[in-house]
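Read through the structure below, which is laid out as structure tokens, and then see the notes.
The values are calculated or read from the model by the stated rules, or taken from the named source; none is laboratory data. Fair warning: this is a prediction, and the values are worked out from it, not measured in the lab. So basically every Cβ, Gly included, is an ideal-geometry build from the backbone, and we count neighbours across all protein chains shown.
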Ligand SMILES: [Zn+2]
Ligand SMILES: [Zn+2]
């Protein structure tokens, strides 16, 4: 058992601004040693993702108290007795959906989220079903098997992807969620052919990762769409061929071969369908509130032979896809540093974590990375 400092969400749906209502408390808690298939990881960097904010607001329903953070990189400092595929000292990326590799879902090549992993994630448990975080009042739950807004985390080896030492920690963290989700949607669902066009709806961390991944494909026209001018400007600087507001895209009658939806707004699904040319594919990555609905035209789907495909985690298999993304980054073709908007030292978490959620809520931040001083 060790004492760690972590960012614990204590209340869901607190009033905005979170800087005043402080739903997240940075405090000490105890972390049990790793179980047989688990590793103790020293966190090097963690990204703040919209899915963290969705837990704070209650759009994504999770039990509390919960130690947040699901996009991170670190170094393994202790391993359980049955850990076979990572060693002490190994650098790792943490991913937010552990895969058992044996259930029916895990045999779909990343298409369907692991059944056991999903059950454990929803319950705030590690893959084993155990909870390793505690305070004076009892258990503190794990966020998506990772809980990385802390100096250390215990995670199952099924949540880890080993990486080499040359990838800086802040970049490495991004591969775990933003790149797997946005880039995975491009590679695994949209699959743009040379000469085709691809639009990304919603330019947060996931959307920007989709833009960068699509730009790395040969001869694909990439259109970046967001209501916020600052995000469109950044997409243009990163190389997007065109930028538009959603209204402009609809009004001008834009038609593309693939759309990656990364906004989390239910209405964006309808917009995505409107923007597709015949035979087009819409990949939906955003997580809306559970009761959200939207309206689409069935006639367009049939008449234009459109495909709508939900894709959790970009339909990625982390150990298959992350090494390919890292190779692309090494070649200089995935300039991920451009999507980091803020750096927050771990030592300033207590003052910064709630304001960071406000910045994300107001659309003022892309990827905010918590770094070790
Ligand atoms: Zn995320
Ligand atoms: Zn599985």
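Summary table below
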{"quantity": "Scope the stretch 8-43; condition part of a helix (DSSP H, G or I) and surrounded by 14 or more Cβ atoms within 10 Å (Cβ to Cβ); matching residues", "calculated": "18, 19, 21"}
{"quantity": "Test: residue in the stretch 71-81 that is in contact with a strand residue (DSSP E or B) (Cβ under 8 Å, 6 or more places away or on another chain) and farther than 28 Å from residue 28 by Cβ", "calculated": "no"}
{"quantity": "Candidate set from the stretch 77-111 (those that are in contact (Cβ under 8 Å) with a residue 60 or more places away in the chain and within 10 Å of ligand 2 (Cβ to nearest atom)); member that is surrounded by the most Cβ atoms within 10 Å (Cβ to Cβ)", "calculated": "98"}
{"quantity": "Residue among 186, 211 that alone is in a helix (DSSP H, G or I), without any contact (Cβ under 8 Å) to a residue 40 or more places away in the chain and closer than 18 Å to residue 324 by Cβ", "calculated": "211"}
{"quantity": "Residue 246 vs. criteria touching a residue at least 40 places away in the same chain (Cβ under 8 Å) and more than 27 Å from residue 108 (Cβ to Cβ)", "calculated": "yes"}
{"quantity": "Output for the stretch 118-131, where each listed residue is surrounded by fewer than 24 Cβ atoms within 10 Å (Cβ to Cβ) and outside any helix (DSSP H, G or I)", "calculated": "124, 125, 128, 129, 130, 131"}
{"quantity": "Flag if residue 107 is more than 16 Å from ligand 1 (Cβ to nearest atom) and over 26 Å from residue 285 (Cβ atoms)", "calculated": "no"}
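Condition check ((1) under 19 Å from residue 192 (Cα atoms); (2) touching a strand residue (DSSP E or B) at 6+ places or on another chain (Cβ under 8 Å); (3) buried (at least 17 other Cβ atoms within 10 Å of the Cβ); (4) modelled with pLDDT of 95 or more) across all residues:
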{"residue": "211", "(1), (2), (3), (4)": "yes, yes, yes, yes"}
{"residue": "239", "(1), (2), (3), (4)": "yes, yes, no, yes"}
{"residue": "242", "(1), (2), (3), (4)": "yes, yes, yes, yes"}
{"residue": "245", "(1), (2), (3), (4)": "no, yes, no, yes"}
{"residue": "251", "(1), (2), (3), (4)": "no, no, no, yes"}
{"residue": "260", "(1), (2), (3), (4)": "yes, yes, yes, yes"}
{"residue": "281", "(1), (2), (3), (4)": "yes, yes, yes, yes"}
{"residue": "286", "(1), (2), (3), (4)": "no, yes, yes, no"}
{"residue": "292", "(1), (2), (3), (4)": "no, no, no, no"}
